[in-house]
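The values are calculated or read from the model by the stated rules, or taken from the named source; none is laboratory data. Model, not experiment: these values are computed from the prediction. When we count neighbours, we look across all protein chains shown, and the Cβ atoms used for this are built from the backbone with ideal geometry, even at glycine. Just so you know, the surface numbers come from the protein's heavy atoms only, side chains and all, with ligands and any DNA or RNA stripped out. Shrake-Rupley method; radii C 1.70, N 1.55, O 1.52, S 1.80 Å.
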Amino acid sequence: MVEPLFCTIEHLSASVHKNFVLNIPNLDIPKNKFITILGENGAGKTTLLRAILGQIPKLGLIFFPGLGEIEKISAHDRAKIMSFLPAHDHCAFNFSIAEFLELGFPQGVYLGSEEKKQRIERVARELNIPYEALHKPIYSLSSGERKKIFLGRVMIGDADAFLLDEPYSYLDPFNTQELIEHLKKLVAGGKTILCVSHDLRAAYRHSDYVIGIKNGEVHGYGTAKNYLSPEVIKELFGIVAEIVVDHRGQNLLILNI
Amino acid sequence: MNRQGRCTLSPGYFFIVCTLLLVIVIAVHTLWGLEGISQTEFFSDIFMPGSPTKHLSIEQFIFKDIRIPRTIAGLIAGFAFSIAGVLCQGVFQNDLASPSVLGISSGAAFFVILAYVFNFISRSWFFLPFVAFLGALSSLLSLSYFFLSRGRVSMKELLLVGFAISTIFSAGASLGLRHLIPSPIKAGEALSWLLGDISIRPLPMVVAYLPIVILLLIAAISFSRSMDTLSLGDDVAQSLGFEIKGLRIKLIALICLLEATGLSLAGVVPFIGLIVPHIARSFIGPKHRNLIFASGMLGSILLLCADLVGRTVNPPQQIELGVIFSFIGAPFFIYLVLRNRRTW
């Protein structure tokens, strides 16, 4: 890859549990792209995200151009580069939606209250959270609505990259589609999206790059159309897939489940 | 206000109502049952002693030397306990946590009884806050030893380990109280401290705590933004640029200081740190910047009310604060546990 890089991973060996290690000899993650990380359960996708975030002990280097190795970057700067959505997000107290979104501003961001309010309203609009709902307590929301405010929390701080662990879970097809469109817009606006997902069809159709992870190692990576062939899907997940061309001439990934 | 919602009361109104209530409660607490307060000289004699020949009446002495220290002690203790409760719930990201539920009060109680056993506490009450602080710290540290490294803790684990710690320290305190304190007078003093009592505190000591509690309040409020973010969980708060470990340690130290303040003035008053933050949160929401101060005010009001009840139900006998709060607090705790069976 010759594009500008978001980060470079060298000789990485990271683990969250004693009996699992993620080993990556070398991996470049491009900047300003929509990248999907695919792999079966327990393959090490979340471990990769957490290693990039600098949240777990590791050997090896994760190097951010212009900033240096992740461990040398201050927590404050890390929050400016990337914003993280865990797979199971939660909140200990019953904030209102607006209050909750406000929590997403990273430390050291000093915006006026009017500016903050505008940002909150803008993000809510982008994620189809109705304005009237902003004062609603978050514990009254359904799982899907909850997912949207968690995504909003991630996006409110305006980081360079969004690391999303299963952003589409709990969302209905319409909201998934809207979210993907919004993520693509963000990429067009200069952001980097690095998302862990099990939605193969969306990964094939919408992401720029795909990274396949299997048994704690990188199986392969490349542009979605090049890398994500039926053979690769068979190797990654053990399922049968086909690529067909629809009447508009678009390639679609079909799963024969 | 429904089960999941909350009153939409603006913080401004809430604080006005609280201030009014507080003024009323203070007035009733200091003046209730005193005769002669309707005369205009009653206060001017006390506060502006113009003629040295004029002697104060017994009622005036009671007001000056007993009621005022008692009211201030209750005010500060209620304030400190409630803020400690808010911080506890924030640190453990759990609205069932509170100093008494987690065994922090018991730890302090055990240390104070130990101090009585070794005759460490003199009449000046000077050592009490230090001993209480060490006790609170020791039980909070033993609790943190289990949890700090593990990030989010399940409610069950937290409450059970807190319960176990509380039981150990309570057993130690009972042992000391029953068998080891040398003089019966000291034992009586220690027992009334264990049950929560603000009746015999000298005025200079009580007033000395005022600046301390104000400093602690400012410190607590300065952490409010970080504590809001902490409720998203450790990993997310970290990814937002917050330094979690240092924050936790500072907050734990602050909780111990607040507890020590409350304990020195009022003895052990269980459950106040659990109940008050809940009430405050249901009115003005969980954002800590308002919540901390609101809880402090509500705590003062509640503690003074409880003291008022305790001393007027069956005079001249007094019902201790700890007894009253246990009767209110334990059922409230059960209610919270049942209510908390939610999917979040």
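Per-residue Karplus couplings for the range B:221-226, computed as 6.51 cos²θ - 1.76 cosθ + 1.60 with θ equal to phi - 60°, are listed in order as 5, 5, 8, 5, 4, 4 Hz, Gly and Pro entered as x.
When the Gaussian network model of chain B links Cα atoms closer than 10 Å, the mean-square fluctuations of B:PRO99, B:PRO286, B:PRO331 top out at B:PRO331. Were the residues from A:ASN256 through A:LYS18 laid out at 0.36 nm apart, the gain over their Cα-Cα distance would be 82.1 nm.
Taking the longest Cα principal axis of chain B as reference, the axis of helix B:68-91 is set at about 0 degrees. Count Lys and Arg as plus one, Asp and Glu as minus one, and take only other residues whose Cβ is under 15 Å from that of A:ILE120; the net charge is then 0. Rolling a 1.4 Å probe over the protein chains gives A:TYR221 an accessible area of about 100 Å².
Buried area at the B:A interface is about 2800 square angstrom, summed over both chains, from accessible surfaces computed with a 1.4 angstrom probe. Per residue, the range B:66-343 exposes 39 Å² of accessible surface when a 1.4 Å probe is rolled over the protein heavy atoms with every protein chain present.
Here is how the number arises for chain B: DSSP H runs of 4 or more residues each give -39500 (n - 2.57), the sum is divided by the residue count, and the result at 222 nm is -22500 deg cm²/dmol. Relative to the longest principal axis of the Cα atoms of chain B, helix B:244-266 runs at roughly 20 degrees. Note on surface exposure: B:TRP193, B:TRP32 rank B:TRP32, B:TRP193 by accessible area, highest first, 1.4 Å probe. For the range B:66-343, lysine pairs with C-alpha atoms less than 25 angstrom apart, excluding pairs fewer than eight positions apart on the same chain, total 5. Distance between the 7 Å Cα→Cβ label points at B:PHE327 and A:HIS182: 5.3 nm.
Using alpha carbons only, the radius of gyration of the range B:163-319 set against its Kirkwood radius gives Rg/Rh = 1.03.
Taken over the alpha carbons of the protein assembly as shown as equal point scatterers, the Debye sum produces base-10 log I(q)/I(0) values at 0.10 Å⁻¹ of -0.91. Taking 0.890 mPa s as the viscosity and 25 °C as the temperature, the Stokes-Einstein diffusion coefficient of the range A:162-201 based on its alpha-carbon Kirkwood radius rounds to 233 µm²/s. With the convex hull drawn over the C-alpha atoms of chain B, the volume per residue is 150 Å³. Given a 1.4 Å probe and the protein chains as shown, A:HIS17 ends up with an accessible area of around 120 Å². For A:GLU69, the solvent-accessible surface computed with a 1.4 Å probe is close to 20 Å², ligands and nucleic acids excluded.
How much FRET efficiency would the formula 1/(1 + (r/R0)^6) give for A:GLU235 and B:LEU160, where r is the Cβ-Cβ distance and R0 is 35 Å, rounded to 0.05? Spell out each step's value before the answer.
On the way: r = 46 Å, r/R0 = 1.31.
About 0.15, to the nearest 0.05.
Using a simple spin-label model with pseudo-atoms 7 Å out from Cα toward Cβ, B:LEU336 and A:ASN41 lie 3.5 nm apart.
Across the range A:1-21, the residues whose backbone nitrogen lies under 18 Å from the label position 7 Å along the beta-carbon direction of A:LEU59 are A:9-21. For chain B, the relative contact order is 32 percent, taking Cα pairs closer than 8 Å that sit 6 or more residues apart in sequence and dividing their mean separation by the residue count.
A Förster distance of 22 Å, applied to the separation of the beta-carbon atoms of A:PHE174 and A:ARG205, puts the FRET efficiency at 0.85. Within the range A:85-107, the residues that become at least 40 Å² less accessible when every protein chain is included than when their own chain is isolated (1.4 Å probe; DNA, RNA and ligands ignored) are A:HIS90, A:ALA92, A:PHE93, A:ASN94, A:PHE95, A:GLU99, A:LEU103, A:GLN107. Computed over the range B:220-287, the percent of Cα pairs more than 15 Å apart is 64. Only helices enter this figure: runs of n ≥ 4 DSSP H residues, each worth -39500 (n - 2.57), summed and divided by the residues of chain A, yield -9500 deg cm²/dmol at 222 nm to the nearest 500.
Amide H contacts for A:HIS219 (H built 1.01 Å from N in the peptide plane; partners 5 or more residues away or on another chain; cut-off under 5 Å): A:GLY212, A:ILE213, A:LYS214.
With equal scatterers on the alpha carbons only and no solvent term, can you work out the Debye log10 of I(q)/I(0) for the range A:68-121 at 0.18, 0.25 1/Å? Result of the Debye calculation: -0.78, -1.11.
Rg then Dmax, both in Å and based on the Cα atoms of chain A: 18.5, 53. For the pair B:ILE168 and B:LEU141, label points projected 7 Å from Cα toward Cβ lie 1.3 nm apart. Pairs exceeding a 20 Å alpha-carbon distance, out of A:LYS31/A:LYS116; A:LYS80/A:LYS214; A:LYS33/A:LYS184: A:LYS31/A:LYS116; A:LYS80/A:LYS214. For chain B, take the longest principal axis of its alpha carbons; what is the angle in degrees between that and the long axis of helix B:288-312, to the nearest 10 within 0 to 90? Once rounded, the angle reads 40 degrees.
Sorting A:ASP208, B:ASP307 by solvent-accessible area of protein heavy atoms yields A:ASP208, B:ASP307, largest first, with a 1.4 Å probe.
Counting only protein heavy atoms, what percent of the accessible surface of chain A is carbon or sulfur at a 1.4 Å probe? On chain A, the fraction of accessible area on carbon and sulfur atoms equals 51 percent.
To the nearest Å, what is the center-to-center distance of the range B:279-321 and the range B:213-262, using C-alpha atoms only? The range B:279-321 and the range B:213-262 have Cα centres spaced 23 Å from each other.
With a Förster radius of 45 Å applied to the C-beta separation of B:PHE127 and A:GLU126, the computed FRET efficiency comes to 0.15. Electrostatic tally near A:PHE93: other residues with Cβ closer than 10 Å to its Cβ, Lys and Arg +1, Asp and Glu -1, net -1. Of all DSSP-defined beta bridges confined to the protein assembly as shown, some 60% are antiparallel rather than parallel.
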